[in-house]
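Participant: This is the structure, below, for whatever I ask next.
The values are calculated or read from the model by the stated rules, or taken from the named source; none is laboratory data. Everything numeric in this text was worked out from a predicted model, so none of it was measured. Quick reminder, even Gly has a Cβ in these numbers, built from the backbone with ideal geometry, and neighbours come from all protein chains shown. Just the protein is used for accessible areas: all its heavy atoms, side chains included, with ligands, DNA and RNA removed. Shrake-Rupley method; radii C 1.70, N 1.55, O 1.52, S 1.80 Å.
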Amino acid sequence: MNLATYLRSSWPAVALATFSIAMCGFVLAVSASGAAVSLLACGIVAAGFVLAFAVEYLRRRSFYRTLDRYASTVEHPLWITEAVDRPDFVEGEIVYDALAAVAKAANDDVASYRRQAVDYREYIETWVHEAKSPLAAAHLMLDNLQADPSLDGAYPKLDALDEELRRVEGYVEQALFYARSEAVERDYLIRSYSLDSLVADAIKANAPSLIAAHIAPVRRGLGYSVFTDQKWIEFILGQVIQNSVKYAGADHPFIEFSARLLNEGGANECVELTVRDNGCGVGAADLPRVFEKGFTGENGRVGKRSTGIGLYLVKRLCDKMGVGVEAASCEGEGFAVMFRFSTNRFHYIDRGGGPLG
């Protein structure tokens, strides 16, 4: 708050002070007090008004300037009352107390919602772990049935049921990682891993789906070491693999994993892993939105099997871990996802995650 703003907001008082000085001068003039006495009296009254305005302005200026500065610079507006001192004038005290009351109520609500979110996430994690037990039991039952020679004619149906169970397992696992994605930074351990081993583990974990879709995985030039978390990156690669399975083409489908070193010797040196398939691809209009939550695109509306969660989780988890991710595609020619892993270990320390091994 500057002086011009204060005077503009106090114009009724300024107008009243001006009128009072004018009336004082008029009374003195008609009472034949003399020009010198009239000017002196008007000057004293004017000086008193100016001094009063100056004192009130200085009392308010510090509070309002501090309030205005913190309102635009503080990280969270609810913390303003913690950074501003309580003023010593009535209007400021009222404003400060009102802000403090609003901030307290809002902070209480935020704390309550956070507790609810934590409780819900813990419930989802517990539910997922509990749901895995009957799914594992169902797989064992299917294995026993498939070993029964009397059910030879039912093998195709049993295989189809096994595939559906695996899809349910995938959705259950997705729910678990979605719940944990709110606190990735407290649940990952960055170490140096062989990129080829990470890709091999992801392919192995998704082998049944790849076999069922007749997709041939291809690995090229993966002889690099990258800093990442094994569990999270395996899930991320699994989501990309499942996306390729979902939209696989009918003619010799494949999924290729290839890597290259970018900006060698520079401060931003990184290893780029490209996961590419020859599926139906994504249209140019849909490509910028493939990582948005719930976005299924034209292909998802046609197939009616897409949830719009898989690639959203890929982007979300990569952002949390400091792994760059981009998508490229030509409709009808396939889809590719590029991951960039920094070769600088301090890149991950700065993100506040788990310790480096």
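Participant: Report, ordered by the first and then the second residue, all pairs with beta carbons closer than 9 Å, sequence separation of six or more or different chains, a first member in the range 226-252 that is within 18 Å of residue 167 (Cβ to Cβ), and a second member that is modelled with pLDDT of 90 or more and of a type in the set (Ser, Thr, Tyr).
Facilitator: The qualifying pairs do not exist here.
Participant: Within the set of pairs 6 or more residues apart or between chains, which connect a residue that is within 16 Å of residue 232 (Cβ to Cβ) inside the range 192-205 to a residue that is open to solvent by 30 Å² or more (accessible area, probe 1.4 Å) and of a type in the set (Asp, Glu) with Cβ atoms less than 6 Å apart?
Facilitator: 201/234; 202/234
Participant: Take the conditions closer than 26 Å to residue 308 by Cα, touching a His at 6+ places or on another chain (Cβ under 9 Å) and open to solvent by less than 50 Å² (accessible area, probe 1.4 Å) and apply them to residue 135. Does it pass?
Facilitator: no
Participant: Output the strands (runs of 3 or more DSSP E) that fall wholly within the range 189-295 and possess 1 or more residues being under 23 Å from residue 178 (Cβ atoms), or say none.
Facilitator: Counting at least 1 such residues, we get 225-228, 270-277.
Participant: For residue 116, work out the one condition from (1) closer than 30 Å to residue 78 by Cβ; (2) open to solvent by less than 50 Å² (accessible area, probe 1.4 Å) it doesn't fulfil.
Facilitator: The single condition residue 116 does not satisfy is (2).
Participant: OK, next. Does residue 192 satisfy the condition of being under 30 Å from residue 269 (Cα atoms) and touching a Ser or Thr at 6+ places or on another chain (Cβ under 6 Å)?
Facilitator: When the stated conditions are applied, residue 192 passes them.
Participant: Only one residue in 122, 82, 56, 91 is among the charged types (D, E, K, R), closer than 30 Å to residue 174 by Cα and either assigned to a helix (DSSP H, G or I) or open to solvent by less than 90 Å² (accessible area, probe 1.4 Å) (or both), so which one is that?
Facilitator: Working: 82 fails: closer than 30 Å to residue 174 by Cα; 56 fails: closer than 30 Å to residue 174 by Cα; 91 fails: closer than 30 Å to residue 174 by Cα.
Answer to the check: 122.
Participant: OK, next. Suppose we filter 216, 259, 250 for residues that are under 21 Å from residue 336 (Cβ atoms) and buried (at least 18 other Cβ atoms within 10 Å of the Cβ); which single one remains? Spell out the reasoning first.
Facilitator: Details: 216 fails: buried (at least 18 other Cβ atoms within 10 Å of the Cβ); 250 fails: buried (at least 18 other Cβ atoms within 10 Å of the Cβ).
Checking each option against the conditions leaves just 259.
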